1. Determine the sum of side-chain charges near Gly16: Lys and Arg each +1, Asp and Glu each -1, restricted to other residues whose C-beta is under 14 angstrom from that of Gly16.
2. Quick one: which of 39-47, 215-223 comes out on top by average Cβ neighbours within 10 Å, and what's the full order, highest first?
3. Quick one: net charge around Pro123, please, counting Lys, Arg +1 and Asp, Glu -1 for every other residue with C-beta under 13 Å from its C-beta.
4. Highest GNM mean-square fluctuation, the chain, Cα pairs closer than 10 Å: which of Val290, Val249, Val107?
5. Based on C-alpha coordinates, I'd like the Rg and Dmax of the chain, in Å.
6. With every protein chain kept in place and ligands, DNA and RNA left out, what is the accessible area per residue of the chain? Probe 1.4 Å, answer in Å².
7. Please sort through the DSSP H helices of the chain and keep those with an alpha-carbon extent of at least 20 Å along the long axis and a Kyte-Doolittle average not below 0.0.
8. Note down the net charge around Arg37, summing +1 for each Lys or Arg and -1 for each Asp or Glu among other residues with Cβ under 12 Å from its Cβ.
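The values are calculated or read from the model by the stated rules, or taken from the named source; none is laboratory data. None of the values given here were measured: they were computed from a predicted structure. Positions of Cβ are backbone-derived with ideal geometry, glycine not excepted, and every protein chain shown enters the neighbour counts. For the accessible areas, the whole protein counts, side chains as well, though only heavy atoms, and no ligand, DNA or RNA atoms are used. Shrake-Rupley method; radii C 1.70, N 1.55, O 1.52, S 1.80 Å.
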Amino acid sequence: MAHTHFTSIPLIDVSGLYSEHFAERQRVADELGRAAREVGFLQITGHGISRELRDGLVDQARRFFARPLEEKMRFYIGQSSNHSGYVPEGEEQFVGGSKDLKEAYDVNYDYTEAAQVYPLLGPTQWPDSADFKREVSAYYRAALALGDTLFRGFALALGLAEDTFAGITRQPTSQLRMIHYPLDPDPVADRPGIGAHTDYECFTILLPTAEGLQVLNGDGQWIDVPLVEDAFVINIGDMLEVLSNGHFVATSHRVRKVSEERFAFPLFCACDYPTRIAPIAGLPARGERVYTPVSCGDHLFAQTAQTFRYLRERLEDGSLQLPDGAAGLSSFGQGRREVTV
């Protein structure tokens, strides 16, 4: 399996996934499948998420990130019980040691029905703004529902039953990141917003406010993702590549140094914490690669613990331990491939 020599990102109207006619849903699913196999990235319209919901999310992000740092740090992610809250610049450090030029606020599946069972599930840490919680929660629910629709489409694209993923996405480890990329006034430094990586989860639903995202094609060239009116960017993650037995590809991407202030809102669509991520039975392998199964939640937690400063410090002092069999950074899915930036 190899990436193709694509030079543009497919644009697909997914409104047919909501049709009562199976043939129409299958038609759109086939388009999704082609994009997932050949590029690993696509943009979608016809998703049904209103401009009002999107604008509300962007407005709350602007308001929160405009606060002084000391105010934002009152909601520091290291104080939460389920890895939610404010992420200051420099908190994350990916493989290779680079520090990204960004700040973020992370919102998880707001799991309040029972006592916390897993590290990434629990009540979200919200800032002291009822408007923030209302607007961001409304967008999260709508985007998560869109994720369920896309899961059905991807299942059809693989020739599987439409509800294949429904039983493992009931209380998912799906995180919404509200990311702020400030404009770097240094005209010399070439510091990226986010360095090259693939996403850990099944797929990502991204709402950006400006250009800056780039995707690596099979020729090793970085292809710009244009900003399309009313469109979301969708990209395949490591876990869906594994579940599809290599039929779908997780593609490396990065955010170049921005020429204007930029906000981005990725929802990382994942499965329930205990889900075993392995090729779905009956799907023939595409290529010669053999995928090692992992636990969805344990893998996500292990990667997170090795990336965030506050969790690395707990690993170092022994107050936190990685799950048994935890993989190192960039050692699963597409992350095992060397990426030249």
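1. Working: positive: Arg25, Arg27, Arg152; negative: Asp13, Glu20, Glu24, Asp30, Glu31, Glu162.
Computed value for this residue: -3.
2. Numbers: 39-47: 22.0, 215-223: 16.0.
Those peptides, ordered most packed to least, come out 39-47, 215-223.
3. Values: positive: Lys133; negative: Asp110, Glu113.
That works out to -1.
4. Comparing Val290, Val249, Val107 in a Gaussian network model of the chain, the most mobile one is Val290.
5. Looking at the chain, its Cα Rg and Dmax stand at 19.0, 57 Å.
6. Values: 14480 Å² over 341 residues.
Dividing the accessible area of the chain by its residue count gives 42 Å².
7. Helix filter hits for the chain: 130-157.
8. Working: positive: Arg34, Arg286; negative: Asp30, Glu31, Glu38, Glu241.
Net charge around Arg37: -2.
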